[in-house]
Structures are given as C-alpha cells and as structure tokens.
Amino acid sequence: MRLKDQVAIVTGGSRGIGRGIVKAYAAEGAKVAFIYKGNQAAADSLVAEVTQAGGIAKAHQCDVANHDDALKVVEAVEAEWGPVNILVNNAGVIRDGLFVGMRPEEWNVVIQTNLGGTFNFCHAVAMKLARQRKGRIINISSVAAEHTNPGQTNYAASKGAINSFTRALAVELAGRSVTVNAIAPGFIETDMSENVRNKAGDLIKKMIPLKRLGQPDDIAKAAVFLASADAAYITGQVLTVDGGLSLGAVAV
Amino acid sequence: MPSQAEIYQKVSATLVDALNVEQEEIKPTSTLQGDLGAESIDFLDIVFRLEREFGIKIPRNELFPESIFQGDPDFVQNGKVTSKGLDELRTKMPFADISKFEKNPELTAISDLFTVEMITKYIEGKLAKV
C-alpha cells in the first residue's frame with residue numbers, strides 16, 4: 001500500500017474523477033476525507049463503497065468557494081484523524097458558452113469554484129504541511145488550459161491559472177519538502193464531460209491517439225503516483241493524462 | 001512579565017521548531033538566514049509561532065520588514081544604505097542592533113540584522129506595552 005495511514009483531503013470527491021481518486025487513495029491505505037457540495041446520495045454511496053472494500057473514507061459537505069468553510073473542514077479532519085498529508089483540489093464546474101454571451105455569474109462561479117476553491121484549500125493546509133516538512137498538493141487542471149475549445153473562456157482561464165498557481169506555490173513550499181503538482185486530464189468519461197461527448201460523438205475518439213476516452217481511474221492512478229513516495233522529487237509540474245489528445249495528431 | 005532570559009528561551013524553542021535546528025546551534029547573535037538557514041516561508045512561520053507563544057499580535061512587516069527602503073530613493077545609493085536610510089532603519093526597527101551594520105551598510109547584508117537577540121528585544125518591547 002503506497003499511501004498507508006496518510007490523511008488525504010479530496011475536493012469534489014463524490015463523483016467523476018474525484019470519486020475515482022477517493023477510491024484509489026483508500027485502496028492504497030489512506031484515510032480519505034472528501035468534500036462534496038450537494039449530492040449527498042452520491043457521497044453516502046461512495047463512503048459505503050469504500051468501507052465495503054475495507055477502506056476508510058468520510059464525506060464532508062462544503063462549498064469549496066467559501067474560505068471559512070474550507071478552514072473548518074480541514075480542522076474537522078485533523079481533529080478526527082490528525083495532520084493532513086495530501087490535498088487534492090479536484091472540485092470544478094463548467095458553465096460553457098461563447099464569451100460574447102457569457103453572463104458575469106457564469107464567469108464568476110467557474111473562477112471562484114475552480115481557482116478559488118484551489119486557493120481556499122491550499123491556504124487552509126499549506127502552512128500545516130510546511131510545518132510537517134512533508135506533504136503533497138495535487139491540483140486537477142485540464143488539457144483545456146492549453147488546448148481550448150470555443151465556449152470555455154471561463155473554464156480555460158481557471159485551469160490555466162491553476163497551472164501557474166501550481167508552479168508558483170511549488171517554489172514557495174519546496175524548501176519545506178512539500179510538493180505541488182497538477183494533473184491535466186483530457187476527455188474523461190464523467191457526468192461533467194457528457195454534453196461535450198454527446199455533441200462530438202466518435203470524433204473525440206479519432207482525436208485521441210490511444211483511441212479511447214479516459215476513465216476516472218486513469219487520473220486516479222496518476223494522482224496516487226504523485227501522492228506517493230515515488231514522486232518525492234517531482235514538483236511544480238503539470239502531468240497531462242489524456243491518451244495523447246494534446247499531441248494534436250490526426251487519426252490516419 | 002517574563003524576564004529577558006525567559007523570553008530568549010521561548011524564542012529559541014520557537015526557532016528550533018520553525019527552522020528544524022538544534023538548540024545548541026542557537027546563540028543570541030545567530031542570524032536567521034546566514035546561521036540558521038531561514039528561508040522566506042520560515043519568517044512567516046516564526047511570526048505565527050511567536051504570536052501564539054506570547055499571545056501577541058505582530059503586524060505584517062513590523063518584526064521582519066521587507067521593504068524599509070522602498071519609500072525614498074535617497075535611502076540607498078550604489079548598493080549602500082545612506083545615513084538617511086540608517087535613520088529610517090532606526091525608526092522602523094528600534095529593536096535591532098545596527099551598530100555593526102552601519103560601519104559597512106551594504107544593502108545585501110541587511111538580513112544580518114535579523115538575529116535571535118533582535119527577536120528577543122522585539123518581544124520584550126511588545127510585552128512591555130501590553
């Protein structure tokens with residue numbers, strides 16, 4: 001078990017990629033506190049699933065965009081399980097639409113959740129990890145930060161900022177042996193990507209050299225690696241996990 | 001109010017925790033950066049720990065001011081702090097012993113003012129005002 005007895009927090013944990021990361025971390029021996037915003041049924045089912053598999057997970061309801069709530073969740077996790085070792089900022093939303101028609105609230109909610117949530121949870125744990133002189137922060141970005149499609153100015157901006165934030169924070173925390181990395185998933189088969197997948201159909205698979213959509217578990221495996229001792233010398237990096245999508249090759 | 005020796009003891013213990021150094025390495029004249037290896041994040045950590053340890057509030061840039069000489073171009077000339085700059089230093093950091101620094105006031109040596117003794121004097125002054 002690569003994460004035995006580690007305490008991990010995973011935001012946006014009840015569904016999609018986050019859910020995959022929670023299950024993978026628990027299977028590797030971590031105690032996983034995951035954050036969900038509203039879908040309690042999904043959260044409860046995940047706790048049940050992890051528990052049945054012999055792992056430890058607990059759900060915490062919280063809006064990641066709220067700084068005070070982030071602090072409270074981290075305190076609650078530490079009161080129950082002790083110091084946090086791993087933070088995965090995965091919570092994210094999309095409000096796709098062409099920029100000229102984008103409402104300010106569609107911009108704001110994406111920035112405040114994706115980027116603001118990452119800030120809030122990093123802010124809540126960074127000094128704690130620094131004091132432990134070890135720790136892992138993993139931010140879930142997106143290939144959309146670098147290879148964007150029309151209708152995602154808000155999402156692309158939030159993810160591009162997460163990449164820059166990841167590098168900048170990595171430099172600040174490196175002296176205390178805390179690593180900060182990001183994972184940039186491509187098309188992953190989740191609820192969030194459903195609309196795009198439905199619209200694009202088989203075209204997506206033609207754009208992906210590995211000829212299949214990604215699964216949450218593909219991202220979870222990368223997240224386990226970056227959280228593990230094996231990744232101790234990696235910091236400030238954005239690891240693209242997209243089946244080769246971002247290479248820009250056209251299927252022949 | 002605790003004695004200077006008691007304050008020094010607590011400051012030393014704080015630095016042991018914050019900088020991951022041995023107690024024996026800490027002397028009153030030890031400089032935080034040069035002798036004890038402090039990096040930028042460590043200065044914040046030290047401030048947070050001192051606030052908790054002594055139950056005081058340490059305003060940003062008071063104990064470890066970052067930009068003392070930014071207000072006036074006359075404070076520094078050719079990489080050296082001018083007499084005007086030294087006056088500013090005395091005003092902003094009355095708890096620092098600048099007697100050695102003023103003999104050769106190279107700007108790059110400013111971090112040598114941040115010593116264990118300096119923190120102790122700062123805390124002493126703070127507690128006297130409470």
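Could you pull out the longest piece of chain B with no exposed loop GluC sites (Glu not before Pro) in it, calling a site exposed if DSSP puts it outside H, G, I, E, B and it has at most 11 other Cβ atoms within 10 Å? The reported range is B:67-130.
Taking the protein assembly as shown, how much of its Cα-Cα pair set, in percent, is spaced more than 25 angstrom apart? Let's see the in-between values first.
Details: 45104 of 72771 pairs.
So the portion of pairs separated by more than 25 Å is 62 percent.
Counting only alpha carbon atoms, the long axis of helix A:116-132 and the longest principal axis of chain A meet at about 40°. Mean residue ellipticity at 222 nm, helices only, chain B: -13500 deg cm²/dmol; runs of at least 4 DSSP H residues each add -39,500 (n - 2.57), and the sum is divided by the number of residues.
Give, rounded to the nearest 20 debye, the magnitude of the charge dipole that region A:71-227 has about its Cα centre when Lys and Arg contribute +1 at Cβ and Asp and Glu contribute -1 at Cβ. List each step's numbers first, then the result.
On the way: 18 positive and 14 negative charges, 97 e Å.
Computed about the Cα centre, the dipole is about 460 debye.
For region A:125-157 versus region A:180-252, the spacing of their alpha-carbon centroids is 14 Å.
Return the loop-located trypsin sites (Lys or Arg not before Pro) in region B:1-88 (DSSP other than H, G, I, E, B) with at most 12 other Cβ atoms within 10 Å of their own Cβ; answer none if there are none. Taking region B:1-88 and a limit of 12 other Cβ atoms within 10 Å, the loop trypsin sites (Lys or Arg not before Pro) found are B:LYS57, B:ARG60. In a DSSP loop and with at most 10 other Cβ atoms within 10 Å, the trypsin sites (Lys or Arg not before Pro) in region A:1-37 are A:LYS4. Think of each Lys and Arg Cβ as +1 and each Asp and Glu Cβ as -1; about the Cα centre, that makes the dipole of the protein assembly as shown roughly 880 debye. Averaging the Cα positions of each part gives two centres, and for region A:29-73 and region B:54-75 these lie 42 Å apart. With everything on Cα atoms, drop me the angle between helix A:216-227 and the longest principal axis of chain A, reported from 0 to 90° to the nearest 10. Result, in degrees: 40. Looking at region A:10-91, the pairs of alpha carbons with a distance over 22 Å make up 14% of the total.
Within the listed set A:VAL74, A:VAL110, A:VAL125, the Gaussian network model of chain A (springs between alpha-carbon atoms below 10 Å) gives the highest mean-square fluctuation for A:VAL74. In the structure shown, the pairs B:LYS80/B:LYS100; A:LYS31/A:LYS221; A:LYS37/A:LYS211; A:LYS72/B:LYS126; A:LYS4/A:LYS159 are assessed against 22 Å; a Cα-Cα span above that value is assigned to A:LYS37/A:LYS211; A:LYS72/B:LYS126; A:LYS4/A:LYS159. Positive-end ranking of A:ALA227, A:PHE187, A:GLN61 along the dipole of the protein assembly as shown, with charges on Cβ about the Cα centre, is headed by A:PHE187. Once the Cα atoms of helix A:67-81 and of chain A are each reduced to a long axis, what angle between those two axes, in degrees from 0 to 90 to the nearest 10, is obtained? The angle comes out at about 50 degrees. DSSP beta bridges fully contained in the protein assembly as shown are about 10 percent antiparallel. Summed over qualifying helices (DSSP H, 4 residues or more, each -39500 (n - 2.57)) and divided by its residue number, chain A shows a 222 nm mean residue ellipticity of -13500 deg cm²/dmol. Only Lys, Arg, Asp and Glu carry charge here, each on its Cβ (+1 for the first two, -1 for the last two); on that basis chain B has a dipole of about 480 debye about its Cα centre.
Along the charge dipole of region A:119-252, Cβ charges K/R +1 and D/E -1, which of A:ASN120, A:ALA157, A:GLN215 sits furthest on the positive end? In region A:119-252, that residue is A:ASN120. Counting charges near A:LYS206 (Lys, Arg +1; Asp, Glu -1) among other residues having Cβ under 15 Å from its Cβ returns a value of +3.
Specify, per residue and in Å³, the volume enclosed by the convex hull of the alpha carbon atoms belonging to region B:66-111.
Numbers: hull volume 3.3 nm³, N = 46.
So the per-residue hull volume is 71 Å³.
Please compute the length gained on full extension between A:ASN149 and A:PHE99, using 0.36 nm multiplied by the number of residues separating them and subtracting their Cα-Cα distance.
Values: separation 50, 0.36 × 50 = 18.00 nm, distance 1.16 nm.
That works out to 16.8 nm of additional length.
Quick note: the coordinates plus some simple rules give every number you see, no bench work behind them. Just so we're clear, the structure is a prediction, and the values are computed from it rather than from any experiment. Virtual Cβ from ideal backbone geometry, glycine too; neighbours counted across all protein chains shown.
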